[in-house]
Each structure stands twice: as structure tokens, then as C-alpha cells.
Amino acid sequence: MAANNRRMSGKKGAQVGSGGQRRRGLEGKGPTPPAEMRKGHVKQRAAAAKTRRAQGRPQQRRGGGRSTSELVVGRNPVVEALREGVPASTLYVQQFVDNDERVREALHLAAERGGINLMEAPRPELDRMTNGLNHQGLVLQVPPYEYAHPEDLAEAAYDEGADPLIVALDGVTDPRNLGAVVRSVSAFGGHGVVVPERRAAGMTAGAWKTSAGTAARTPVARATNLTRALEAYKKAGITVVGLAADGEVELGDLEALGGPVAIVVGSEGKGLSRLVGETCDFRVRIPMPGGAESLNAGVAAGIVLYEAARRRA
């Protein structure tokens, strides 16, 4: 009967078997590699981050975001920006422009620095780029700023074996104040500045100039929600100190400045917002015997940073 079935099947020759495929499918594929070697595993990512830190490579920032590119317009502003080391990607020069001393200096500074593209453009094109502003034949393009994530600032400090010293700005809208704070943070050994994503000054060309080049080595982080960023700092063991004219503690009496601390500076007119003020562990006042009602953000931050640096020395 079996022979009849083979003849009735219409196939000639021996029947094709599995060829050992089933047996091989049951064989193991070797021992499971350790977690540190499995791509995408949490331990593998942690080991890779540890290796990057040991090799001195900068860690990838996690979502601080980027600003938009900016144009510096006019001969004097362009020359000043190039002198102060403001980052630039392209210098546009109008065709047949009057070659005065400022134009020559701008070309010299751009060539000396390197990495800046020199582009010649007709006047109508520069008029279009600047929306009709008086560019005087010179336009400098500033590339988008790469913001850090607020947590990166604290992690960088802990990786160095140092207590974090961070300044957060609440409602400060003048880029020059931001630049001044960045300069003070750099001068007193701080680890960075945090700004809100909305209704706050960003790293514009004006902020770069006021920072006097220190923005190149002092990171600025951008927080989607400043209150939540401060709460995350508190969970990480960082004391949040807010500056307020009616603060309960005087600056010289605050022992917490000797440890991990985030200093929050409000706007000159309104001070700290309600939610940010409620989030702070301490509200501190700066004694002012002269009777001034308030200090601008740059000066206030500088005074508190000096006191923190003095306690850490």
C-alpha cells in the first residue's frame, strides 16, 4: 500500500527529507553574552558612557534643544561680534561695497579665525535676508546654539568629584544679563546656567558678546519647565536657593552655599515667580546698606557666586 502511495504521488526518485534542519534548529546558539555586551541593554549603555568619560569624550546632551540661527547686521556690530569671538558660520559681503577700514577688519578677523565662509552677495539679496535693515554691506550669520539639558550640568559636576554650583534664571529677558551671569559662573568655578525655554533670554549674539568668550566653556541649559527642573535638582541632593529682597535668610548666614547648590535669580522688576519661589529650599536676601531696591541679575548672581566660592575654598 505504501508503494502504491509513492507511485501515485507523481514524484520521481527518493523523497526529500528535512536534511537535518530540524535537528540544527534544536541546537543551542552558545552561551548568552553578558549584559554589558548586549546592544541596547541598560548595562551596555552605562558601560559605554563610563568608557566615554574615562576617555575624556564629551557626553551627548539629552534634549536641551537648539536655538535658531541669527544675523548680526551692520559694520560696527559685525566687527564687534568678530572681535568678541561670537560663533559665526558665514560672513556676507555686498558686491562692490565701499572698502573702508571696518570692512577690511571684518574680512581680516574672519580669515584669521578660520571656519567662517566668506560670501559675496548683491545688495538686493542682503536686503531680502535682513528684511530691509541697514546692513551697510556686512551681514554675519550666527549658527544655532546647542543647549545642554539641566541634568547634564549636575552630572558633569559629580563626574568631576565636585559639588554642583549652578545658576538658574527666572524671567530674565535681557540677553546681556544672561551673558553677564555666564561670565560670573565661569569666573567663580560654576558648572552652568539654566534658562526657561519660554519668555526668557537665550544665547544670542548679544549674550555671547557680554560673556566675553566664557560662553564657549560654560554650558547653558534650557528647561521646558523651570519648576520641574529645580525639583529634579532637589531630588539629586542639590539645595535650591532663591534670591529675594524679602528673603528670610541673609546671604552671609546661609551655610548651604558650601555644598551642592542651585542659585535662582529672578527678574529685576518682578523677582521670582510664585511657583519657583515656593520650590526653593531657602529664600535669601543680599544686604544692601546703600538702600538700593534691587540689583540686576548679573550683579546679584556675581555676589552670591563669590560667597559660594569663598565657602568652598
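Given an 8 Å cut-off on Cα distances and at least 6 residues of separation, report the relative contact order of region 197-266 as a percent.
In percent, rounded to a whole number, it is 29.
Given R₀ = 51 Å, FRET efficiency for K235-E105 by Cβ-Cβ distance, to 0.05? Mind showing how you got there, number by number?
Values: r = 51 Å, r/R0 = 1.00.
So, using R0 = 51 Å, E works out to roughly 0.50.
Sort region 155-294 into rounded, prolate or oblate with this rule: let a ≥ b ≥ c be the square roots of the eigenvalues of the Cα gyration tensor; rounded if a/c is under 1.5, and if a/c is not under 1.5, prolate when a/b is larger than b/c, oblate otherwise.
Verdict is rounded for region 155-294.
What trypsin sites (Lys or Arg not before Pro) in region 170-251 are in a loop by DSSP, with at most 15 other Cβ atoms within 10 Å of the Cβ?
Sparse-neighbourhood loop trypsin sites (Lys or Arg not before Pro): R198, R199, R217.
Just to check I understand the Karplus step: with θ = phi - 60° and J = 6.51 cos²θ - 1.76 cosθ + 1.60, what whole-Hz values come out for region 160-166, glycine and proline as x?
Here the 3J(HN,Hα) series is 7, x, 10, 6, x, 10, 10 Hz.
What ranking do 120-132, 159-171 get when scored by the average of other Cβ atoms within 10 Å per residue, highest first?
The densest-packed peptide leads the list: 159-171, 120-132.
Relative to the present Cα-Cα distance, how much length would full extension add between R311 and N76 at 0.36 nm per residue of separation?
Working: separation 235, 0.36 × 235 = 84.60 nm, distance 4.23 nm.
Difference between extended and current length: 80.4 nm.
What's the carbon and sulfur percent of region 124-181's accessible surface, probe 1.4 angstrom, rounded to a whole number?
47
Just report the Cα centroid separation between region 174-188 and region 196-263, whole Å.
Between the Cα centre of region 174-188 and that of region 196-263, the gap is 11 Å.
Based on Cβ point charges of +1 for Lys and Arg and -1 for Asp and Glu, what charge dipole magnitude is obtained for region 184-313 about its Cα centre, in debye rounded to the nearest 20?
560
Quick query: amide H of I286 versus all other amide H atoms, modeled in the peptide plane; which residues come in under 5 Å with a sequence gap of 5 or more or a different chain?
For I286, whose amide H was placed from the backbone, the distant partners under 5 Å are A244.
Which whole-number value in Å² is the accessible area per residue of region 144-301, probe 1.4 Å?
Value for region 144-301: 44 Å² per residue.
If you take the square roots of the eigenvalues of the alpha-carbon gyration tensor of region 58-207 and sort them as a ≥ b ≥ c, do you get rounded (a/c under 1.5), prolate (a/b over b/c) or oblate?
prolate
The values are calculated or read from the model by the stated rules, or taken from the named source; none is laboratory data. This is a predicted model, so every value here is computed, not measured. We place every Cβ from the backbone using ideal geometry, glycine too, and count neighbours over all the protein chains shown. SASA here: full protein model, heavy atoms, side chains in, ligands and nucleic acids out. Shrake-Rupley method; radii C 1.70, N 1.55, O 1.52, S 1.80 Å.
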